[in-house]
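See below for the structure under consideration.
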Amino acid sequence: MRFTSEQRLDDGVLEREFTLGEIPGILWTPPAAPVPGMAPDPAPAPGPAPLILLGHPPLGLRKMYPRLVDRARRSAADGFASATIELPGSGDRPRQPAAEQARADLRRAIEAGEPVSDEIVDALVLPLVDQAVPEWQSALDALLALPEIGGPVGYSGGVISVGVRLAAVEHRVAAAVLFAGSFVPRAVFEEARRVTVPLHVLLQWDDEGNDRQAALDLFDAFGSEEKSLHAHLGGHTGVPQSAGDAAARFLTRHLR
């Protein structure tokens, strides 16, 4: 991991861009978190901050930045560090022809009013999950090696299939907030049965791009003893502020 820039936001949150090999990412730490080489804040933190991994759709960090930084500020106000990385094929990372073809097939099916086949969903999502999850794990290795960051670790966001795989295979993830709203391959339903960490799932009831029944079936498949589904009326981008507040309380309860 190599830090490439740093700035203090107006609320005191420290934002640092980094690269992990060729993968760009951003780390946010709360104002009181001690950072080597920088003057301490007036009220030092009691110790390393817990970490939240911020998931997001493959639209590129630059496009997603306003929403990501808002989530990071909220997490910092609760005493958490948060971090994100660029997904494969997004932003300035190399394009992936197979994924581009799958997106074109998806658009064509939707525009024609045809059902989206399992083959299209698999081609679109499974290669992304296969590459993104090991990259998240490598990022987690590097982040937890920093003295200002400690466990436990939470995951919050989408792509939901990435969150499912990460929660199933990464023992350091202690709790997860998952955003329904993306296509889910059938294989991911089987992986969901292996997820046992506490879950808080967000669902927009009228999401025009989401198969509501598939989201409900996925929730039912999770093996977690503690899981809750929070559904709200409205489309994909109509998530109410109260939904973010409830998710923040969930993470605070499980990561503190």
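Which residue fluctuates most in the GNM of the chain (Cα springs below 10 Å): Leu199, Leu178, Leu126?
The residue with the greatest mean-square fluctuation here is Leu126.
Just Val116, Val159, Val125 to compare: in a GNM of the chain, with alpha carbon springs under 10 Å, which one fluctuates most?
Of the options given, Val116 has the highest mean-square fluctuation.
Which trypsin sites (Lys or Arg not before Pro) in segment 80-185 pass both tests, a DSSP loop state and at most 16 other beta-carbon atoms within 10 Å?
When the trypsin sites (Lys or Arg not before Pro) of segment 80-185 are filtered for loop state and at most 16 Cβ neighbours within 10 Å, Arg95, Arg172 remain.
Give me a comma-separated list of calculated 3J(HN,Hα) values for segment 90-102, in order, Karplus coefficients 6.51, -1.76, 1.60 applied at θ = phi - 60°, integers in Hz, x for any Gly or Pro.
The phi angles translate into 10, x, 8, 6, x, 5, 10, x, 5, 5, 4, 5, 5 Hz.
Which of Thr29, Pro115, Gly244 sits farthest toward the positive end of the charge dipole of segment 2-255, with +1 on the Cβ of Lys and Arg and -1 on the Cβ of Asp and Glu?
In segment 2-255, that residue is Thr29.
Assign unit charges at the C-beta atoms only (+1 for Lys and Arg, -1 for Asp and Glu), then state the dipole size of the chain relative to its Cα centre in Debye, rounded to the nearest 20.
Its charge dipole is roughly 500 debye.
Quick one: dipole size for segment 176-239, taken about the Cα centre, charges +1 on Lys/Arg Cβ and -1 on Asp/Glu Cβ, in debye to the nearest 20.
That gives a dipole near 140 debye.
Can you find, among Gly150, Val133, Leu203, the residue farthest towards the positive end of the dipole of the chain? Put +1 on the C-beta of Lys and Arg, -1 on that of Asp and Glu.
Checking the options against the dipole of the chain, the answer is Gly150.
Tabulate in residue order the Karplus-calculated ³J(HN,Hα) for segment 182-192, using 6.51 cos²θ - 1.76 cosθ + 1.60 with θ = phi - 60°, rounded to whole Hz; enter x for Gly and Pro.
9, 5, 10, x, 4, 4, 5, 4, 5, 5, 4
Using the Karplus curve 6.51 cos²θ - 1.76 cosθ + 1.60 with θ = phi - 60°, work out ³J(HN,Hα) for each residue of segment 158-168 in order, rounded to whole Hz, and write x for Gly and Pro.
Residue by residue, segment 158-168 yields x, 4, 4, 5, 5, x, 4, 4, 5, 5, 7 Hz.
Where the only charges are on Cβ atoms (+1 Lys, Arg; -1 Asp, Glu), what is the dipole of segment 101-220 about its Cα centre, to the nearest 20 debye?
280
Using the Cα gyration tensor of segment 181-227, with a ≥ b ≥ c the square roots of its eigenvalues, what is the shape: rounded (a/c below 1.5), prolate (a/b larger than b/c) or oblate (neither)?
oblate
Return the distance in nm (one decimal) between the two label points of a simple spin-label model at Asp245 and Arg194, each offset 7 Å from Cα along Cα→Cβ.
Placing both labels 7 Å beyond Cα along the Cβ direction yields 3.8 nm.
What residue among Leu87, Val184, Val69 has its Cα farthest toward the positive end of the dipole of the chain, where the charges are +1 on Lys, Arg and -1 on Asp, Glu, each on the Cβ?
Among Leu87, Val184, Val69, the one farthest towards the positive end of the dipole of the chain is Val69.
In the chain, what percentage of the DSSP-assigned beta bridges are antiparallel, given to the nearest 5?
Beta bridges within the chain, antiparallel portion: roughly 45 percent.
Cut-off 10 angstrom, C-alpha nodes, Gaussian network model of the chain. Which of Gly91, Gly21, Gly151 fluctuates the most?
Result: Gly21 has the largest fluctuation of those listed.
So who's got an amide H within less than 5 Å of the one on Ile52, skipping anything under 5 residues away but keeping other chains? H placed 1.01 Å off N, in plane.
Ala81, Ser82, Ala83, Gly154
A short reminder: the numbers here are calculations on the coordinates, not readings from a lab. Bear in mind the structure is a predicted one, so any value in this text is a computation, not a measurement. As a convention, Cβ positions derive from the backbone with ideal geometry for all residues, glycine included, and neighbour counts pool all protein chains shown.
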